[in-house]
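Readers should treat all values here as calculations from the given coordinates under stated rules, not as data from a laboratory. Keep in mind that what you see is a predicted model, and the values were worked out from it rather than measured. Neighbour counts are summed over all protein chains in view; Cβ atoms, including those assigned to glycine, are modelled from backbone coordinates with ideal geometry.
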């Protein structure tokens, strides 16, 4: 995938190690997946989820929220 196909990235980590990643071209779809992945994988050890806009270089949201 290149360019707009990988604009919105979800990264999932467990105990500080990345265990899953996914990319979507559409923010609405990526936000839906973000919510779904939290529901499906929240039982990981020390889970952390981030949704990043790779084009803008900003984290759109994370869970649990940063202090």
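How high is the relative contact order of the chain, given as a whole-number percent (alpha carbon pairs under 8 Å, six or more residues apart)? Display every interim value, and only then the final one.
On the way: 108 pairs, mean separation 22.2, N = 67.
Relative contact order for the chain comes out at 33 percent.
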task = Report, as a whole number in µm² per second, the diffusion coefficient that Stokes-Einstein gives for the range 3-55 at 20 °C and 1.002 mPa s using the Kirkwood radius over alpha carbon pairs.
result = 193 µm²/s
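Would you mind getting me the FRET efficiency between residue 65 and residue 29? Use the beta-carbon distance for r and R0 = 30 Å, nearest 0.05.
Details: r = 22 Å, r/R0 = 0.73.
In this case the efficiency is close to 0.85.
Using a Förster distance of 22 angstrom, determine the FRET efficiency expected from the C-beta separation of residue 56 and residue 15, and round it to 0.05. Could the numbers behind the result be given before it?
Working: r = 29 Å, r/R0 = 1.30.
Efficiency for this residue pair is about 0.15.
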inquiry  = 7 Å from Cα along Cα→Cβ at both residue 40 and residue 5: what's the point-to-point distance in nm?
reply    = 2.1 nm
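What ranking, highest mean first, results for peptides 53-59, 31-37, 19-25 when packing means the other Cβ atoms within 10 Å averaged over each residue? Present the calculation step by step, with values, prior to reporting the outcome.
On the way: 53-59: 10.7, 31-37: 15.9, 19-25: 14.3.
The peptides rank, most packed first, as 31-37, 19-25, 53-59.
Would you calculate a helix-derived [θ] at 222 nm for the chain, using -39,500 (n - 2.57) for each DSSP H run of n ≥ 4 and dividing by the full residue count, to the nearest 500? Mind showing how you got there, number by number?
Details: 1 runs with 15 residues, N = 67.
The helix-only estimate for the chain comes to -7500 deg cm²/dmol at 222 nm.
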